[in-house]
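Visitor: Sharing a structure here in structure tokens format.
The values are calculated or read from the model by the stated rules, or taken from the named source; none is laboratory data. These numbers come from a predicted model, not from an experiment. Methodologically, a virtual Cβ is constructed for each residue, glycine included, from the backbone with ideal geometry; neighbour enumeration extends over all protein chains shown. Just so you know, the surface numbers come from the protein's heavy atoms only, side chains and all, with ligands and any DNA or RNA stripped out. Shrake-Rupley method; radii C 1.70, N 1.55, O 1.52, S 1.80 Å.
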Amino acid sequence: MSARPDPGTPSSEPSEPGGSPAAPDPATAVSPPAGPAPTAADPAPAAARAGRPQPPPVTRRIPEAGPQAMHKPGRGDASVRDLIWACLILVPVALLIFSVGGSCSFSPGSPAEDAASAPTVDAPARIAEYARGSTFPLRLPDVPFRANSTDRGPVEGGGTAVRIGFVTPDADFLSLVQTDGSVEGVLATESGSAGRGDGPPTMRGTVQAGGLTWEVYGAEGGEPFRIATLPGRPEVRVLVTGSASEDQFRTLAEALTTARVFPPGS
């Protein structure tokens, strides 16, 4: 009588030669690891099961949010831009100055000042006013020049100076100074050497004009300072300087001999 297998012990051998293996015992079967079950809508697991090669995954880079780097302009770009802005600012300003001032006229060559636009003063009224507070007589020569300024002030070392400025028809200038101060004092005052401390201009010689002997001072090539002493008492000196020509200076010197005289205190 053959021994029968224990029903409680699983057999690893087939029950019959050539037959199917025995089904595993549910109590001892090992379950596969848990995970998401493939669905019919997911083509990747189905393709994998079919053994087809898979394309590499496509990744798309999303740019990070944030401020973008600023482009610094080159030196050449900045220079050209600055030049354009400077021109846009300076051109209207220059046009405004020319239109408001009206003292210069444009020409293809160098700019020329317009003598007709120079201011005019009432020289007779001004000299009469100065004469009322003066200690010496004042003269107003009759010249073909425009009187555009008058002034009265102290002289270095003592005395008073009365000035009349003239503009010639060709836009040059002459200044006539009448004073009871010394030659050195009026020369230092009118040349500005009193403030600079470099001494008065040096004497260059003498000239005869209008019946007077004029001492000429100043640097060679610069505007000369011509000084003469008028006849009579009290002693009065006259100084003429400016950019006008020698002929225009002589016209003023001749006019002094026949000038209108304003007595002191009148």
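Visitor: Consider Glu223 carefully, then state whether it is out of contact with any strand residue (DSSP E or B) (no Cβ under 7 Å at 6 or more places or on another chain) and charged (D, E, K, R).
Guide: In short, no.
Visitor: Name the residue that is surrounded by the most Cβ atoms within 10 Å (Cβ to Cβ), counting only residues in segment 176-208 that are over 11 Å from Val238 (Cβ atoms) and in contact with a helix residue (DSSP H, G or I) (Cβ under 8 Å, 6 or more places away or on another chain).
Guide: Leu187
Visitor: A further question follows. Just give me the residues in segment 222-241 being in contact with an Asp or Glu (Cβ under 8 Å, 6 or more places away or on another chain) and surrounded by 14 or more Cβ atoms within 10 Å (Cβ to Cβ), in sequence order.
Guide: Once the filter is applied, which keeps residues that are in contact with an Asp or Glu (Cβ under 8 Å, 6 or more places away or on another chain) and surrounded by 14 or more Cβ atoms within 10 Å (Cβ to Cβ), segment 222-241 yields Phe225, Arg226, Ile227, Ala228, Thr229, Val236, Arg237, Leu239, Thr241.
Visitor: Would you pick out the residues in segment 202-247 that are over 26 Å from Phe136 (Cα atoms) and touching a Phe, Trp or Tyr at 6+ places or on another chain (Cβ under 8 Å)?
Guide: Matches in segment 202-247: Thr202, Met203, Arg204, Gly218, Ser243, Ala244.
Visitor: Do you know which residues across segment 247-266 are farther than 16 Å from Gln208 by Cβ, polar (S, T, N, Q) and surrounded by 18 or more Cβ atoms within 10 Å (Cβ to Cβ)?
Guide: Gln248
Visitor: Still on this structure, I have one more. Take segment 140-160 and flag every residue that is open to solvent by less than 50 Å² (accessible area, probe 1.4 Å) and in contact (Cβ under 8 Å) with a residue 40 or more places away in the chain.
Guide: Those that are open to solvent by less than 50 Å² (accessible area, probe 1.4 Å) and in contact (Cβ under 8 Å) with a residue 40 or more places away in the chain: Leu140, Pro141, Val143, Phe145.
Visitor: I would also like to ask the following. Quick check on this structure: which one of Ala244, Ala219 is in a loop (DSSP other than H, G, I, E, B), open to solvent by 60 Å² or more (accessible area, probe 1.4 Å) and hydrophobic (A, V, I, L, M, F, W, C)?
Guide: After ruling out the rest, the residue left standing is Ala219.
Visitor: Which of the residues that make up segment 117-137 are open to solvent by 30 Å² or more (accessible area, probe 1.4 Å) and either in contact with a Lys or Arg (Cβ under 8 Å, 6 or more places away or on another chain) or of a type outside the set (A, V, I, L, M, F, W, C) (or both)?
Guide: Once the filter is applied, which keeps residues that are open to solvent by 30 Å² or more (accessible area, probe 1.4 Å) and either in contact with a Lys or Arg (Cβ under 8 Å, 6 or more places away or on another chain) or of a type outside the set (A, V, I, L, M, F, W, C) (or both), segment 117-137 yields Ser117, Pro119, Thr120, Asp122, Pro124, Arg126, Glu129, Arg132, Gly133, Thr135.
Visitor: Suppose we keep only residues that are in a loop (DSSP other than H, G, I, E, B) and touching a Phe, Trp or Tyr at 6+ places or on another chain (Cβ under 9 Å) within segment 161-171. Which one would you say is surrounded by the fewest Cβ atoms within 10 Å (Cβ to Cβ)?
Guide: Per the criteria, the residue is Pro169.
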